[in-house]
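Written below as structure tokens is the structure these notes are about.
The values are calculated or read from the model by the stated rules, or taken from the named source; none is laboratory data. Everything numeric in this text was worked out from a predicted model, so none of it was measured. Quick reminder, even Gly has a Cβ in these numbers, built from the backbone with ideal geometry, and neighbours come from all protein chains shown. For the accessible areas, the whole protein counts, side chains as well, though only heavy atoms, and no ligand, DNA or RNA atoms are used. Shrake-Rupley method; radii C 1.70, N 1.55, O 1.52, S 1.80 Å.
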Amino acid sequence: MSPSRPSYRPSFSSYSFGPGPLTPAVRTLIAANVVGFLLTWVVPELTLRLGLRPADVFEGFAVWQPVTYMFLHGGLSHILFNMLGLWMFGVQLERMWGTAYFVRYYAVAGIGAALTTLLASLVPGSVGDLLYVSLTVGASGAIYGLLLAFAVYYPD
């Protein structure tokens, strides 16, 4: 006789979808990203000033760009999928870690992605040259950090 499998019966008294309601930091990060997206939609020049461009960081000392680039996005689908990832994985991680640790981790992942871009732009050759003058926007680096942490805690 094989061991019986636990039976999972859906509860019809309540319905839930995804990880549940927004946690405080995830809500704030989504709001900040939406505000950044709308601001750059109204004033497109802000993207050039706040997006990550290694030439501006190294030559113009635009030291704010490794932080501000995370709150800008290149289009509607870009922000929608980034915020979907933030909600899907960030809510569970924030509940597990607490808000303060989650915010620190998110910032380190996002700024770490910016530093990786800056270092890669210094690689000799055509790839480094192209990256040095290109503009990077979006929370994808921070979201990939969340995906990594989620995979470590929930490998199955």
Checklist entry - So which residues in region 87-104 are charged (D, E, K, R) and surrounded by fewer than 14 Cβ atoms within 10 Å (Cβ to Cβ), if there are any at all? => result 104
Checklist entry - Is it the case that residue 60 is under 17 Å from residue 141 (Cα atoms) and either at pLDDT 95 or above or open to solvent by 70 Å² or more (accessible area, probe 1.4 Å) (or both)? => result no
Checklist entry - Of all the helices (runs of 4 or more DSSP H) wholly in region 37-156, which have at least 3 residues that are under 11 Å from the mean Cα position of the chain (by Cα)? => result 76-85, 99-120, 140-153
Checklist entry - Within region 121-131, is there a residue that is of a type in the set (A, V, I, L, M, F, W, C), open to solvent by less than 70 Å² (accessible area, probe 1.4 Å) and touching a strand residue (DSSP E or B) at 6+ places or on another chain (Cβ under 7 Å)? => result no
Next on the checklist: Looking at region 23-32, can you tell me whether even one residue there is closer than 25 Å to residue 101 by Cβ, surrounded by fewer than 17 Cβ atoms within 10 Å (Cβ to Cβ) and of a type in the set (Ser, Thr, Tyr)?
Outcome noted: yes
